[in-house]
Amino acid sequence: MGAADFFCAFDVDESVMTLDVVANRIYEAGRRSLDSHFQVASDLLDKATEARLDQGNEQSAAQFKYKAALITRNQALKESRDKASDLIDRAIRLNREAKAVLVHGEDAFFATTTQINLGNCLMDKGKQLGGEAGIIYFDEAIALFEKVLAQKGLEQDFPELACHASNNLGTAHLAKSENNDLEALNAALESFRRATALSAQANQPDIWAAAHVNTGNVLASLSDLNENADEKAFMRIQAIAAYCAAIEVYPLSFFPYQYGHTQYGLATILQAHAMALQNELTELYLLRAIGSYEEALKVFSEGSDPLMWARIQTYLGTIYAAHSELDGTTSVRHDCETAIAHFQKAARVFETEGYTEQLATCSRAAKTMQQKLDSLPSSDV
């Protein structure tokens, strides 16, 4: 801010450029880190917007409003529910103001990007509200993304924006509908697969990875709805492959949030696949699930995200309990003891957070495993 103020007295354009560059660096660093300074970046862009409005340059001011909206949305993703609601409202307002100006300008790229970001913010608001109130926002988001994708020449002129819009359209379909809505799931899958192809053509690894994660999520849901055992199994395998592909783009050190969620999604489908197989491969997939849950715990600690941490502890307890039941298992005592420890850790958090149903489930599971442990002969290892 000080550097920009220094230039302001001599050259407003130089001052605005400095504000823009610094804000962008703060944003890029923040979205790749668990710690961020998004508010600082937003304040810098507000100052740049004011400078452009004072000059009468509404197009440039609208571009800065779009950037501020983008940063504000990312800030909301890391805040508490109450703070996030206000931030999303602000992001929606900034996007609408920017869109009203940019769609009448000559910069088609910024006009399209602003519409995509507005659609994302509308989805976020729909998720916050839920129910009938949320559907209104989802419907607007879906219509907006479809309008963007219908633009003539979009894939040729702006392939990087086309893959964003396609991926987000799939996300909007999922957000609006429940996971048991076959029509919505298939529409989402089509959008995600289109996004995967477009992002590869546009050399957009971030969207390519996000589309793979989303594809994995949808395939996992579709496998639950499919009644054919072979088809269900193959869908799970495809979901596993999609998550694994995304992880190659989301290293822990650069994308901790995305890495943690992808590992979590991978772990859940590995666990589901293991339990469905009930054959010689079950143990292999259970062990792989444990590995992915442990990777997710590198991101979701008890201090940073206690509920996610507790949920993972519950799943780990369930895996060790299941492993203790496998034929030929020689680690029954260790499995029981480890399962109890995980259930107790989860119960501690659920009790603190007031989640009585989850607390009761973990307590019962720990008691069951303790009874099994007590029944083992002393020679059991």
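Quick look at the numbers
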{"item": "Residue satisfying all of: in segment 302-320; within 16 Å of THR352 (Cα to Cα) and open to solvent by less than 50 Å² (accessible area, probe 1.4 Å); nearest to the chain's Cα centre (by Cα) among these", "result": "MET308"}
{"item": "ASN168 being surrounded by 15 or more Cβ atoms within 10 Å (Cβ to Cβ) and under 23 Å from ILE269 (Cα atoms)", "result": "yes"}
{"item": "Selection from segment 234-265 of residues that are loosely packed, with under 15 Cβ neighbours inside 10 Å, more than 20 Å from ASP206 (Cβ to Cβ) and touching a helix residue (DSSP H, G or I) at 6+ places or on another chain (Cβ under 8 Å)", "result": "ILE237"}
{"item": "Residues of segment 148-165 that turn out to be open to solvent by 30 Å² or more (accessible area, probe 1.4 Å) and without any contact (Cβ under 8 Å) to a residue 12 or more places away in the chain, as a count", "result": "3"}
{"item": "Any hit, segment 107-117, residues being more than 26 Å from PRO159 (Cβ to Cβ), of a type outside the set (Val, Ile, Thr) and either touching a Cys at 6+ places or on another chain (Cβ under 7 Å) or surrounded by fewer than 24 Cβ atoms within 10 Å (Cβ to Cβ) (or both)", "result": "no"}
{"item": "Residues located in segment 188-220, provided they are more than 18 Å from the chain's Cα centre (by Cα), assigned to a helix (DSSP H, G or I) and surrounded by fewer than 20 Cβ atoms within 10 Å (Cβ to Cβ)", "result": "GLU190, ALA197, ALA200, GLN201"}
{"item": "Within segment 292-301, tally of residues that are surrounded by fewer than 15 Cβ atoms within 10 Å (Cβ to Cβ) and either more than 19 Å from ALA272 (Cα to Cα) or more than 20 Å from the chain's Cα centre (by Cα) (or both)", "result": "2"}
{"item": "Subset of segment 126-139 that is under 21 Å from the mean Cα position of the chain (by Cα) and open to solvent by 20 Å² or more (accessible area, probe 1.4 Å) - its residue that is farthest from GLU160 (Cα to Cα)", "result": "GLY131"}
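The values are calculated or read from the model by the stated rules, or taken from the named source; none is laboratory data. Since the structure is predicted, the reported quantities are computational estimates derived from the model, not experimental observations. Every residue, glycine as well, gets a Cβ built from its backbone with ideal geometry; the counts of neighbours run over all protein chains shown. Surface areas here come from the heavy atoms of the whole protein model, side chains and all, with no ligands, DNA or RNA. Shrake-Rupley method; radii C 1.70, N 1.55, O 1.52, S 1.80 Å.
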